[in-house]
1. Kindly list, by first and then second residue, each pair from a residue in the stretch 247-272 that is farther than 22 Å from SER26 by Cβ to a residue that is open to solvent by 20 Å² or more (accessible area, probe 1.4 Å) and not in a strand (DSSP E or B), limited to pairs with Cβ atoms under 8 Å and residues at least 6 apart or on different chains.
2. I'd like to check something: does the stretch 159-180 contain any residue that is of a type in the set (A, V, I, L, M, F, W, C), at pLDDT below 95, exposed (fewer than 15 other Cβ atoms within 10 Å of the Cβ) and in a loop (DSSP other than H, G, I, E, B)?
3. Which condition breaks for ILE215 when tested against (1) part of a helix (DSSP H, G or I); (2) within 23 Å of LEU9 (Cβ to Cβ)?
4. Please pick out the residue among LEU107, LEU130 that is buried (at least 18 other Cβ atoms within 10 Å of the Cβ) and either assigned to a strand (DSSP E or B) or among the acidic types (Asp, Glu) (or both).
5. Any residue that is without any contact (Cβ under 8 Å) to a residue 12 or more places away in the chain and under 20 Å from HIS139 (Cα atoms) - is there at least one of those in the stretch 183-196?
6. Please go through (1) under 18 Å from the mean Cα position of the chain (by Cα); (2) under 26 Å from ILE299 (Cα atoms); (3) modelled with pLDDT under 95 for ARG201 and return the number of the only condition it doesn't satisfy.
7. Among (1) open to solvent by less than 10 Å² (accessible area, probe 1.4 Å); (2) touching a residue at least 24 places away in the same chain (Cβ under 8 Å); (3) not polar (S, T, N, Q), which single condition is TYR311 missing?
Amino acid sequence: MRSSAFPYLPKDFIETEEGLIFAVISYHEHLGKVGCFLRYVKTDHGWQKVDTLQANRLLQRHHPQYLYRSRQFDADFHAVNPEKIIHHYQPEVILQQRLLHPPVDALDQKLRNLLDIFRAREVEINKLGLTGSMLINQHRPDSDIDLAVYGRDTFQRTRLAVQDAVNAGLIDKLSEQLMWDNFERRACDLSFEEFSWHEARKFNKAAIEGSKFDIGMVSLSKELETDHRHYRKQGTRTLKARVLDDSQSFDFPARYRIDNALTPEVVCFTHTYVGQAVVGEVIEVRGAVECAASGTCRIVVGSTREATGEYIKVCKSS
């Protein structure tokens, strides 16, 4: 699953000697560096989670060597030289290590109960990983359980297991409060009603014993699209189009093929809009138009971390 030459995958965390923890966001190296984004900073009181603005400001002032401008994607993110990494947190390794020991708290017990539900539905637990705050033991009683799922087939099997367990009453759909919390955290450009309608049908999030959990797909190497083209942003566009192919709608990045000759592909780099639409549905998309030198263009949703002003939504009246 992991390349010995470049063993870093999305959902991993990496820690540097300066007391910084970054979330890996890229499958490939960027000039020999790991594409990532700063998530936690070590302080006198422990690890502190930082948002995008705080992360960029801190790096600009104290660690500018980790700021990175990608010429290929015409985008800004963070990047770390592997030589600077003192700890590589691998979700699938941490999960298996955790399961060797008794649960340490209530959230840990809920994780195990959830895994038992998945096992009963023939989900291969060795293809799952633990990410988010639990990956680095920074969770609180009200934290989410974030799971990485390796491979498209395993992800879809896990998603069906979530749906089946919800229907069986073993786990719950997100309550209005949990949905609202998720909506506020995402800070997306949809109304709450629009957001919750889309989320409720994805079955990549639910709740176990009052705690929200989330499953996110990590592609296997054979599932990755090889694209070495360099893209340049050509402004923002809003359009409506019909979805022709949703087979990669839960990938990272998510991809939708649409019936628009000028921009036949929507690429989504934000978890908010994965699984947002299915084949045959008409969607309204607002995002950054990016074009390669070959003339190939696409619409990118999530061209910035917050995806402000960008969205994908189903036109339900179509």
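The values are calculated or read from the model by the stated rules, or taken from the named source; none is laboratory data. Please read all numbers here as calculations on a predicted model, not as lab measurements. Every residue, glycine among them, receives a Cβ derived from its backbone with ideal geometry; neighbour counts consider all protein chains shown. For accessibility, only protein heavy atoms count, side chains too; no ligands or nucleic acids. Shrake-Rupley method; radii C 1.70, N 1.55, O 1.52, S 1.80 Å.
1. Hits for this filter: ARG257/PRO264; ILE258/PRO264.
2. No - not one qualifying residue is present in the stretch 159-180.
3. With respect to (1) part of a helix (DSSP H, G or I); (2) within 23 Å of LEU9 (Cβ to Cβ), ILE215 is out only on (1).
4. On the way: LEU107 fails: either assigned to a strand (DSSP E or B) or among the acidic types (Asp, Glu) (or both).
Among LEU107, LEU130, only LEU130 is buried (at least 18 other Cβ atoms within 10 Å of the Cβ) and either assigned to a strand (DSSP E or B) or among the acidic types (Asp, Glu) (or both).
5. Kept after step one, since they are without any contact (Cβ under 8 Å) to a residue 12 or more places away in the chain, are these residues of the stretch 183-196: 184-185, 191, 193.
If we keep only those that are under 20 Å from HIS139 (Cα atoms) as well, we get 184-185.
Looking through the stretch 183-196, at least one residue is without any contact (Cβ under 8 Å) to a residue 12 or more places away in the chain and under 20 Å from HIS139 (Cα atoms).
6. (3)
7. That leaves (1) as the condition not met.
The rows are residues; the columns are (1) open to solvent by 10 Å² or more (accessible area, probe 1.4 Å); (2) over 27 Å from ARG98 (Cβ atoms).
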position: ASP142; (1), (2): yes, no
position: PHE183; (1), (2): yes, yes
position: PHE192; (1), (2): yes, yes
position: VAL218; (1), (2): no, no
